[in-house]
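No value in this document is a laboratory result; all are computed from the given coordinates. Quick caveat: nothing in here was measured; it's all calculated off a predicted structure. Cβ placement follows ideal geometry from the backbone for every residue including glycine, while neighbour counts extend to all protein chains displayed.
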């Protein structure tokens with residue numbers, strides 16, 4: 001198997017049953033696996049809610065490591081819409097020219113540094129660095145903050161030993177508390193200050209609410225962005241012809257971005273809590289249990305995607321759900337898409353060849369199934 | 001050259017002309033409010049959702065099966081819903097009026 005190949009572990013169950021089952025800290029999950037069922041359940045936010053106990057819709061569940069509600073992520077309509085409207089414009093800034101210019105600088109620098117080094121461990125020395133520096137743009141905070149975030153390592157909630165690490169999560173929470181205090185004392189144009197000055201339904205956002213929005217911004221775009229960048233580098237290392245193709249036809253870059261996001265599906269699935277006895281693909285699910293919307297599985301559904309297990313760079317119709325679907329679709333998608341676009345453009349400009357030296361796969365366990373989601377380490381030579 | 005009229009959710013009207021590409025691209029280039037086209041036109045993000053004014057429905061044509069699927073669970077879907085990235089600009093649609101979905 002090629003190192004940049006990401007198999008679909010869900011095919012058999014998707015075809016035979018349409019759902020999968022896994023346990024997670026004694027709070028089992030029924031996974032919706034088919035494209036249509038995933039969309040249907042995502043759409044039905046009344047039956048499959050996000051506004052449950054904070055941390056419960058995340059898999060692995062974070063109920064034991066946080067009490068704070070991530071906003072608007074763990075809020076249901078109609079309040080969800082009020083929060084969402086508040087932050088929507090801010091999260092569209094990646095479309096602005098000045099934002100793109102700064103993003104290009106960040107990505108160019110990362111490539112220049114890597115080309116100089118030659119041998120690079122992509123996850124820590126490249127993807128984490130780009131992700132962190134790019135996040136300073138999204139939050140509109142000084143570039144120097146990125147150094148602190150890089151020092152935290154690749155996972156905000158995880159450590160080498162355990163999937164969930166409360167100590168590590170606390171580092172992030174304490175840091176955010178401190179930043180919020182700083183912005184209260186001297187307001188600026190950073191995201192914290194903007195939020196602190198904002199109102200929802202005529203009431204100023206509380207510190208807790210601001211914290212909930214900021215935590216989401218940090219957590220949602222860390223592992224996911226790092227995997228998207230790293231997996232793309234691995235792909236191009238093993239597919240030099242694809243580099244040539246995009247060099248000849250740069251208008252395909254946009255299609256390539258969407259196809260990578262579909263194929264890699266950096267976020268495997270997202271949970272919901274069942275509010276009343278219901279069904280997922282004709283399988284009964286009881287109130288107060290959990291289901292998940294398996295984006296990764298839906299994105300390989302042969303009913304929707306021809307040759308689902310192939311990267312088709314110029315896939316023209318690509319209704320993937322890698323950024324979720326419906327009300328709760330990914331708030332950071334504009335940033336992520338812009339970053340991927342700039343990454344590929346810059347790669348085409350600067351890099352002739354990438355070769356993988358060695359790598360260690362990052363494998364997720366979902367009950368009986370295992371899914372490769374990225375790499376724990378990826379050593380490559382840039383030329 | 002086709003003339004295309006957009007009515008945004010705050011009832012502003014924008015009339016644009018074009019002869020190639022798709023409706024979403026035209027709207028994004030001209031900053032039509034409410035049409036974002038986040039996915040660049042691959043039928044994934046549904047941020048280019050429009051309601052075709054009924055009298056122009058035949059000009060726009062039926063959505064493909066995949067497009068229909070994506071619209072099926074959209075909160076603001078109507079029987080005249082289309083994803084504008086899937087409507088090509090051509091003389092056939094000259095004069096069409098589209099209401100931008102919320």
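Tabulated results
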read-out	value
Structure-based [θ]222 nm, chain A - -39500 (n - 2.57) summed over DSSP H runs of at least 4, per residue, nearest 500	-13000 deg cm²/dmol
Fully extended contour minus Cα-Cα distance, from residue A:327 to residue A:377, at 0.36 nm per residue	14.5 nm
Rg [Å, one decimal], Dmax [Å, integer] - segment A:47-96, C-alpha atoms	12.9, 39
If the convex hull is drawn through the Cα atoms of segment B:57-102, its volume per residue in Å³	75
Inter-label distance, nm, simple model (7 Å from Cα along the C-beta direction), residue A:286/residue A:148	4.6
Simple label model, 7 Å out from Cα along Cβ direction - residue A:207 to residue B:94, nm	6.5
Using a Förster distance of 25 Å, the FRET efficiency for residue A:88-residue A:251 (Cβ separation, nearest 0.05)	0.30
Beta bridge orientation in chain A: antiparallel %, DSSP, nearest 5	90
Label point 7 Å beyond Cα of residue B:79 along Cβ direction - residues of segment B:42-73 with amide nitrogen under 19 Å	B:50-65, B:68-69, B:71-73
Computed E for residue A:244/residue B:30 - FRET, C-beta separation, R0 45 angstrom, nearest 0.05	0.85
Share, in percent, of DSSP beta bridges within chain B that are antiparallel, nearest 5	80
Whether segment A:263-383 is rounded, prolate or oblate, judged on the alpha carbon gyration tensor where a/c under 1.5 counts as rounded	prolate
Efficiency of FRET from Cβ geometry, residue A:44 and residue A:316, R₀ 35 Å, rounded to 0.05	0.75
Prolate/oblate/rounded label for chain A (Cα gyration tensor, a/c 1.5)	oblate
Potential extension, residue A:12-residue A:358 segment - 0.36 nm per residue separation minus Cα distance	121.5 nm
Residue B:1 paired with residue A:97, simple spin-label distance in nm, labels 7 Å along Cα-to-beta-carbon	2.6
